[in-house]
Structure formats: structure tokens, C-alpha cells
């Protein structure tokens with residue numbers, strides 16, 4: 001079975017069943033004739049944007065949506081304490097222990113303005129694609145942090 005067909009069946013099961021976790025999803029896939037390893041299923045769920053969320057009926061596997069993005073954006077906004085720059089780079093200060101998460105969040109944008117990020121415990125070094133774009137990069141980061 002190819003990846004596309006398997007992922008289509010995963011979508012169908014998630015939409016039709018009240019699946020509580022990946023173990024249940026794995027069982028339902030096997031019952032429908034699809035043999036898949038747990039690691040492959042985890043990768044499929046990540047690629048499809050499937051998240052485990054608490055609902056009125058208990059925990060369920062759901063497709064992440066726009067509201068999930070807004071929640072994450074709001075959380076990251078609360079973790080960042082300041083954004084500053086000099087002539088060569090941008091520094092994002094975070095709450096202790098949150099720099100890796102904020103760095104990963106910045107990386108997921110795949111912005112051409114960002115050459116790369118390096119995260120410590122409470123500081124993310126954001127390296128711009130060009131020193132000429134530092135002010136644009138600062139605006140870009142601040143815009144993405146705002147919860148409006």
C-alpha cells in the first residue's frame with residue numbers, strides 16, 4: 001500500500017470514528033486491512049496535522065486547524081520577553097527554558113528573511129539573510145508574535 005492511500009484511509013477513520021489515541025488508530029487500520037508500523041503511523045499523523053485533544057467526549061485525535069495555530073501563536077507570544085537587534089543579528093529573549101520552542105516556532109515559518117536560529121535556554125539568536133534586512137526581520141517577528 002502506498003503512502004497516499006494509507007494517509008487517505010487515516011483521514012477517513014479520524015473523520016468517521018471517535019479515535020482516542022494512535023494505538024486505537026493503529027488497530028482500526030489493521031482491521032481495515034492496512035498493516036503499518038507505529039513509527040510510520042506517527043510520521044503520517046504529524047504530516048497530516050493530527051493532534052490529540054481533549055473534547056467533551058474525552059481525548060480524541062483531531063486535525064489541527066487555524067485555531068490551533070492561534071493558540072500556539074498566543075503561547076509563544078507569552079513566552080517571549082523581548083526582541084532586540086544590532087547591526088548583524090536579532091536576539092529573542094524568552095522565559096527560562098522556552099528558547100528551543102520559540103526557535104522551532106520561528107524555524108517553521110521557513111522565512112527567506114531568516115538564515116537560521118540558534119537557541120539556548122532563554123535566548124534565541126536569529127541570523128538574518130542579510131544585515132540590510134534586520135529592520136524588516138524585526139517587524140516580521142513582532143508581527144508574528146502579536147495576538148491581534
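Could you tell me whether region 41-51 includes any residue that is surrounded by 13 or more Cβ atoms within 10 Å (Cβ to Cβ), closer than 30 Å to residue 23 by Cα and modelled with pLDDT of 90 or more?
Taking every residue of region 41-51 in turn, at least one turns out to be surrounded by 13 or more Cβ atoms within 10 Å (Cβ to Cβ), closer than 30 Å to residue 23 by Cα and modelled with pLDDT of 90 or more.
Within region 76-98, which residues are at pLDDT below 90 and touching a strand residue (DSSP E or B) at 6+ places or on another chain (Cβ under 7 Å)?
Within region 76-98, just 79 meets the criteria.
For residues in region 52-74 being farther than 15 Å from residue 13 by Cβ and modelled with pLDDT of 70 or more, which is nearest to the chain's Cα centre (by Cα)?
Checking each candidate, the answer is 53.
Step by step: first the residues of region 1-22, then only those that are within 22 Å of the chain's Cα centre (by Cα) and within 25 Å of residue 56 (Cβ to Cβ), then the one that is surrounded by the fewest Cβ atoms within 10 Å (Cβ to Cβ). Which residue is that?
It comes out as 15.
Mind listing whichever residues of region 127-148 are in contact with a strand residue (DSSP E or B) (Cβ under 7 Å, 6 or more places away or on another chain) and farther than 19 Å from residue 78 by Cβ?
127, 128, 129, 134, 137, 138
When region 124-148 is examined, which residues are found to be more than 19 Å from the chain's Cα centre (by Cα), closer than 18 Å to residue 103 by Cβ and surrounded by fewer than 16 Cβ atoms within 10 Å (Cβ to Cβ)?
125, 127, 129
Taking region 129-146, which residues are free of Cβ contacts under 8 Å to residues at least 40 places away in the same chain and not in a helix (DSSP H, G or I)?
Once the filter is applied, which keeps residues that are free of Cβ contacts under 8 Å to residues at least 40 places away in the same chain and not in a helix (DSSP H, G or I), region 129-146 yields 129, 130.
The values are calculated or read from the model by the stated rules, or taken from the named source; none is laboratory data. Only a predicted model underlies this, so the values are computations on that prediction, with no experimental measurement involved. A quick note on method: Cβ atoms are made from the backbone with ideal geometry, for glycine too, and the neighbour counts reach across all protein chains shown.
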